[in-house]
1. Find out how many positive minus negative residues lie around SER7, taking Lys and Arg as positive, Asp and Glu as negative, among other residues whose Cβ is under 15 Å from that of SER7.
2. Please report, in whole Å, how far the alpha carbons of the range 101-145 spread along each principal axis, starting with the longest.
3. Can you classify the range 60-145 as rounded, prolate or oblate using the Cα gyration tensor, where a ≥ b ≥ c are the square roots of its eigenvalues, rounded means a/c under 1.5, and otherwise it's prolate if a/b beats b/c and oblate if not?
4. By average Cβ neighbour count within 10 Å, what is the ranking of 16-24, 2-10 from highest down?
5. Which entry in (i) 53, 33, 25; (ii) 62, 42, 35; (iii) 42, 38, 29 matches Cα extents along the principal axes in Å derived from the coordinates of this structure?
6. In debye, nearest 20: dipole of the range 5-145 around its Cα centre with unit charges on the Cβ of K, R (+) and D, E (-)?
7. Along the positive direction of the dipole of the chain (beta-carbon charges: Lys, Arg +1; Asp, Glu -1; about the Cα centre), which of ALA133, LEU116, ALA76 reaches farthest?
8. If you fit an axis through the alpha-carbon atoms of helix 9-18 and take the longest principal axis of the Cα set of the chain, what angle between them do you get, 0 to 90°, nearest 10?
Amino acid sequence: DLCPSDSRADALCDALLEFNPRPQRMLFPCGTLALETIPRRLGAHGIAVTPLIVYRTTRIKPDLHVREFIGRGVDAILLASPSSAQALVESGVSVRSAAVICIGETTASHARLLGLRNIHVAAVHSDAGLVAATRDVLSMEAVTS
């Protein structure tokens with residue numbers, strides 16, 4: 001019944017803190033790599049947050065065919081979470097000069113810390129925003145080439 005303005009933990013926290021009546025207790029279904037943003041921020045405002053792990057994020061190394069395909073060069077790599085940036089770097093796949101398009105600033109910051117370059121951030125932090133940012137970035141690169 002409550003949808004934040006965009007797909008960021010801070011936006012969800014803002015929406016919950018403005019909701020009337022403000023919740024006192026919250027069950028937080030999440031994955032094993034969930035950031036502490038929601039429990040920490042809501043807890044600071046007196047909301048008891050109980051995390052419930054409902055899925056486990058596992059990393060698999062791309063098979064040789066996929067690594068070779070990406071190694072030949074791709075135009076863009078889309079990252080929807082900090083853990084996807086981590087998995088990309090750990091995979092050992094060379095991203096060369098591909099545009100790295102991140103769903104939001106949290107993911108972009110993590111990608112920068114990991115040494116990724118040519119980073120762009122979606123203006124709207126959602127799947128649709130990620131697609132729009134990819135279109136815009138690739139259109140700009142086509143014009144400047």
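1. Net charge in that neighbourhood comes out at -4.
2. 29, 23, 10
3. oblate
4. Values: 16-24: 10.7, 2-10: 15.0.
The packing order, highest mean first, is 2-10, 16-24.
5. Computing Cα extents along the principal axes in Å and matching it to (i) 53, 33, 25; (ii) 62, 42, 35; (iii) 42, 38, 29 gives (i).
6. 380
7. LEU116
8. Taking the Cα atoms of the chain, the angle to 9-18 is about 20 degrees.
The values are calculated or read from the model by the stated rules, or taken from the named source; none is laboratory data. Since the structure is predicted, the reported quantities are computational estimates derived from the model, not experimental observations. Neighbour counts run over all protein chains shown; Cβ positions are idealised from the backbone, glycine included. Protein only, heavy atoms only, side chains kept; ligands, DNA and RNA dropped before computing areas. Shrake-Rupley method; radii C 1.70, N 1.55, O 1.52, S 1.80 Å.
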